[in-house]
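A quick write-up on the structure given underneath.
What follows draws every value from the coordinates through simple rules; no lab data is involved. This is a predicted model, so every value here is computed, not measured. Glycine also receives a Cβ, built like all others from the backbone with ideal geometry; neighbour counts cover every protein chain displayed.
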Amino acid sequence: MKKILAFVMAVATISASSVASVNAVSYNKPKFENEFKSYIEEIAGSSAYCGDYNEKYYHYDENGNIDWCLISASLSTDPGICHGIFDDIIISNAGSTNPFSFGLAVYDVTNNEYYDICYAWDMDFADLHNSFYNVMLDENSSYSYGNVVVLGDVDGNGKLDINDTTLIQKTIADNNTVIFSLDFEHSELKYGKPIKNLCDYNKDGVCSVSDVTSLQLKLAKG
Ligand SMILES: [Ca+2]
Ligand SMILES: [Ca+2]
């Protein structure tokens, strides 16, 4: 009986160490941060310093290793304003951050490359759009390079729900869509399709019942 128990414990120990080693390889922030320091030195000189480097999201491949990582960092912020519309996420009144737009980038761990979020957005990073939405709306994930709002969130509670569709319907019926007007210049749009109104959920330039339908579909999908 003792022998059997010893064997079981040995197997359990091996399993535990295997899991630990996978995690150790997968999650290695100091390594990523060192790579980022090297990258910054390469593009901005050895005295350059990014004090607010942060890793906001890790994407894992099928083997449990991180293949890309959403990072935020700003070497400097120039005065000015820019805006971006990333699917349902609107970043507004952002300064002109360097080296990445909106202080955001994807670190391609597999190839050790950095991509500005505006470029990475149209690249083939699995689940980037969905995870970006969740990260930018996560109250525990701080973001200080601009204001973040959700397209369609006309009641301004930070999430999309049935109250938004009801309010859009009511506003359209009252012919009073101006109250959701977005107050930024489209010439300052850094990324995305120009929109003028928070209720223009399908981004066709006008507020109509089609936006209500689009938002209802989104809510139904969860
Ligand atoms: Ca809402
Ligand atoms: Ca519309």
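Per residue of the chain, what 222 nm ellipticity follows from adding -39500 (n - 2.57) for every DSSP H run with n ≥ 4, rounded to the nearest 500? Don't skip to the answer; put the middle values down first.
Numbers: 6 runs with 79 residues, N = 222.
Rounded to the nearest 500, it is -11500 deg cm²/dmol.
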Next item on the list: Report, ordered by chain and residue number, the aspartates and glutamates lying within cross-link reach of Lys221, taken as a straight Cα distance under 15 Å and ignoring same-chain residues fewer than 8 apart.
Entry: Asp88, Asp161
Item checked: Gyration tensor verdict on the chain (Cα atoms; rounded if a/c is under 1.5, prolate if a/b is larger than b/c, oblate otherwise) -> oblate
Next item on the list: Consider all pairwise Cα distances in segment 49-126 and report the whole-number % of them above 20 Å.
Entry: 33 percent
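Using the membrane-span-like helix rule (whole DSSP H runs, Cα extent along the own axis of at least 20 Å, mean Kyte-Doolittle hydropathy at least 0.0), which helices of the chain qualify? It would help to have the intermediate numbers written out before the result.
On the way: long enough: 2-26 (36 Å, 1.33); 29-44 (22 Å, -1.03).
What comes out of the filter, once short or polar helices are dropped, is 2-26.
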Margin query: Using alpha carbons only, how many angstrom separate the centre of segment 48-97 from the centre of segment 98-167?
Written below: 8 Å
Checklist line | Pairs of Cα atoms farther than 20 Å apart, segment 151-222, % | finding: 25 percent
Next item on the list: Name the residue, out of Asp155, Asp87, Asp124, whose mean-square fluctuation peaks in a Gaussian network model built on the chain with Cα pairs under 10 Å.
Entry: Asp124
Next item on the list: Measure up Lys190/Lys218; Lys31/Lys193; Lys170/Lys193 against 30 Å on the Cα-Cα distance and list the ones that go over.
Entry: Lys31/Lys193
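Among residues other than Ile172 whose Cβ falls under 12 Å from its Cβ, what is the net charge (Lys/Arg +1, Asp/Glu -1)? Write down the numbers at each step before the final one.
Numbers: positive: Lys170; negative: Asp174, Asp200, Asp211.
Residues near Ile172 contribute -2 overall.
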